[in-house]
1. Return the tail of the calculated pair distribution for segment 265-323, meaning the percent of Cα-Cα pairs more than 19 Å apart.
2. What spacing in nm lies between the two simple spin-label points modelled at SER189 and GLN305, each 7 Å away from Cα in the Cβ direction?
3. Tell me, in nm to one decimal, what length is gained between ASP359 and SER258 on full extension, where the rule is 0.36 nm per residue of separation less the Cα-Cα distance?
4. Working out 0.36 nm times the residue gap between ASN324 and GLN339, then minus their Cα-Cα distance, what length gain in nm do you get to one decimal?
5. Tell me, what is a quarter of the convex hull surface for the C-alpha atoms of segment 113-188, in nm² with one decimal?
6. Looking at this model, which pairs from LYS249/LYS291; LYS89/LYS233; LYS142/LYS196; LYS156/LYS233; LYS156/LYS291 are more than 25 angstrom apart at the alpha-carbon?
7. Tell me the GluC sites (Glu not before Pro) within segment 181-226 that lie in a loop according to DSSP and have at most 11 other beta-carbon atoms within 10 Å.
8. Output the Cα-based Rg and Dmax of the chain in Å, rounding Rg to one decimal and Dmax to a whole number.
Amino acid sequence: MQMNRRNWLRQIGLVTAGLGVAQFNAFALPPTNHLTFTPTDDIPVRLSSNENPYGPSPLARTAMNNSINNSNRYTWNTTGDLISAIAQKHNVTDDNILIGAGSTEIIDLVIHSFASQKGNFITANPSYTSWAKTAEKSGLKKISVPVTKDKQHDLKAMLAAIDMDTKLIYVCNPNNPTGTLCENAELISFIKEATKSTTVMVDEAYLDYTNQPSVSNLVTDNENLIVVKTFSKIYGLAGARIGYAIAHKNTINHFGDSMQTWANGSVGVVSRAGAIASLTDTDFVSQCYSKNEAARKYTVEQLAQLNIACIPSHTNFIYFSLTNYKKDFFNLLKSNNIQGTYIYEEEGKWTRITVGTLDEMQQFITAIK
Ligand code: PLP
């Protein structure tokens, strides 16, 4: 089921807050340094890490400032408050949530819990695999399943790749770096089938940039599904390091009790205050969504004029082929103080650029023209 805009707003909490779309558009975002940010020699235009160029949100900044003085205390209550706020957002209960220092910590907990059992894990190629080398070093064997010609997850091939030693299948939806989104019904039936024999971890780091619902509603009846989410992207808190898992309560208990010495304890009080406030700053999230769409549309149109083929993106980054591009792309980025990424697939020379502010994307296009 694809979501319409109203459902998307509900997903990010706008409708439950009793506010309508028209009201959000009427709100003005308080001025922040970020919105007038000018790149300098020391601060390049950073289009490499899929960060939100507008965040943290104004409410998060205030909450973080106000909570600094609590940093000398173990403030247990903000842990519970954050868990409850997240659970409410996703319509699950508090015991379905585990907090980590970024979704990276959650992914690490999952890997380490499986590593002692050995076996293999399955992932698409290319996909977000920063964690895969840790998994391999821990003794798990990587099985890569190529994406389709359209750069989509090949869910059928991933199912077919499961064997008796498979401990984990990782699905990044939308996928980093390709920006593609799994068809929702197909993903749900994949999860139902694959979790009969193994654990599926769905990484929804970028799902807030789409209209698709989370698969987190499936966790109540399924102990083998782990949904991983983060405050690092549309919520603009990458440096604050907050992510979480949504899973069955027994699964959360396992990771919280056996894998974290202090369950939910690795995120500091200032970050937690920022995260709680950012969940209520629905106007900011809505603006980030719209600004990202506008800057992405501009960039894709400009790339098309340069005869550069892009994969339709559902995220805050764009995957494109440099096959028809005759200049030295990476040198042009460097000499213009722009941080991009690298070639992910030699065949087709596919690379990725983060969608920054419109101004940053104009600088990017000017640099490569
Ligand atoms: N998952 C995906 C798909 C990512 O792209 C990233 C970071 O870019 C992460 C997880 C890690 O995010 P976090 O900042 O929550 O550790």
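1. Of the Cα pairs, 51 percent sit more than 19 Å apart.
2. 4.3
3. On the way: separation 101, 0.36 × 101 = 36.36 nm, distance 4.69 nm.
Value of the extension gain: 31.7 nm.
4. Working: separation 15, 0.36 × 15 = 5.40 nm, distance 2.13 nm.
Extending this stretch completely gives an extra 3.3 nm.
5. 4.9
6. LYS249/LYS291; LYS156/LYS233; LYS156/LYS291
7. Within segment 181-226, no GluC sites (Glu not before Pro) qualify (loop, at most 11 other Cβ atoms within 10 Å).
8. Values for the chain (Cα only, Rg and Dmax): 20.3, 58 Å.
The values are calculated or read from the model by the stated rules, or taken from the named source; none is laboratory data. Worth saying up front: this structure is predicted, and the values here are computed from it rather than measured. As a convention, Cβ positions derive from the backbone with ideal geometry for all residues, glycine included, and neighbour counts pool all protein chains shown. Side chains are part of the model used for accessible areas, which takes the heavy atoms of the whole protein and leaves out ligands, DNA and RNA. Shrake-Rupley method; radii C 1.70, N 1.55, O 1.52, S 1.80 Å.
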